[in-house]
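Reading through the structure tokens given below for one structure.
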Amino acid sequence: MSLYDVSLEAAVLFIVAATALLGSPGPGITALVVAGRSMGLSGGLRLFCGMQLGLALAAALCVAGLASLLLAVPAARLFLTAVSTVYLIWLAWRIASAPIGDGTIGSASDARFTVSGGFLLGFANPKAFLAFLSLFASFVIVQNDPPADGLVKWVLCVAVMIVVDFGWLALGAGLGRIRLGPRGERTMNWAMGLAVLSAALLTLG
């Protein structure tokens, strides 16, 4: 791969498209905002790191051409959807029913948001595979070198995901600094729980 084979225009357009597609609110991003609010920026990093690993693996399978084979098997697609949905429903219940008071909001000991949970959100969502497949098929950044082109797009995708998802996590942490009374805290918990539940239902669509 030489510099002359790389289309900078295509790379910029790819980054813009990836930011719009991967940065739009969905199950993972909803969970990141809730994790940031519940545990703060540092506490939410466990979920964040797990998500990046899951998304990076999903993107790598797409680059390698294996994702199409995976999604072509109805049982595999159903299994991924079920795993993601069940986790999100459980998470929604834990958020909505969380007790009010010191040690709950912003507590780093909260076990709802884990690396493994983040990995499930990143990997076990067929819509993530479809988004990557669409994105990778729409652009050619490195001419006449498919392996290099795939690698460059994977690297750019991972970089975009890290920046965008960290931004959503930071937004949640900012919301967590807003102090509410017990009624407001309970209302916020229910609202965020419903947001995660809505995201879970969207994975079924």
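Here the residues Asp145, Asp165, Asp5, ranked from fewest to most Cβ neighbours within 10 Å of their Cβ, fall in the order Asp5, Asp145, Asp165.
Counting trypsin sites (Lys or Arg not before Pro) as exposed when in a DSSP loop with at most 15 other beta carbons within 10 Å, what is the longest stretch of the chain free of them? Could the numbers behind the result be given before it?
Numbers: sites that count: Arg177, Arg179.
Between the exposed loop sites, the longest stretch runs 1-176.
Farthest toward the positive end of the dipole of the chain, out of Val196, Leu130, Leu32, is the Cα of Val196, where the dipole comes from beta carbon charges about the Cα centre. The phi torsions of the stretch 48-53, fed into the Karplus equation with coefficients 6.51, -1.76 and 1.60 and a -60° offset, translate into couplings of 4, 5, x, 4, 5, 5 Hz, rounded to whole numbers, with Gly and Pro shown as x.
Which listed residue (Ala18, Val140, Trp90) has the Cα farthest towards the positive end of the charge dipole for the stretch 3-202, taking +1 on Lys and Arg C-beta and -1 on Asp and Glu C-beta about the Cα centre? The Cα lying farthest towards the positive end belongs to Trp90. Extending 7 Å from Cα along the Cβ direction at Thr187 and again at Leu151 yields two label points whose distance is 5.5 nm. Only the Cβ atoms of Lys and Arg (+1) and of Asp and Glu (-1) were treated as charged; on that basis the dipole of the chain about its Cα centre amounts to roughly 780 debye. Computed from the mean reciprocal separation of all distinct C-alpha pairs, what Kirkwood hydrodynamic radius does the chain have, in Å? This gives a value of 17.7 Å. Highest GNM mean-square fluctuation among Pro126, Pro25, Pro182, for the chain modelled with Cα contacts below 10 Å: Pro182.
Coordinate-derived values only; no laboratory data. Predicted model only: the values in this text are computed from it and were never measured. Backbone-built Cβ (ideal geometry, glycine too); neighbour counts: all protein chains shown.
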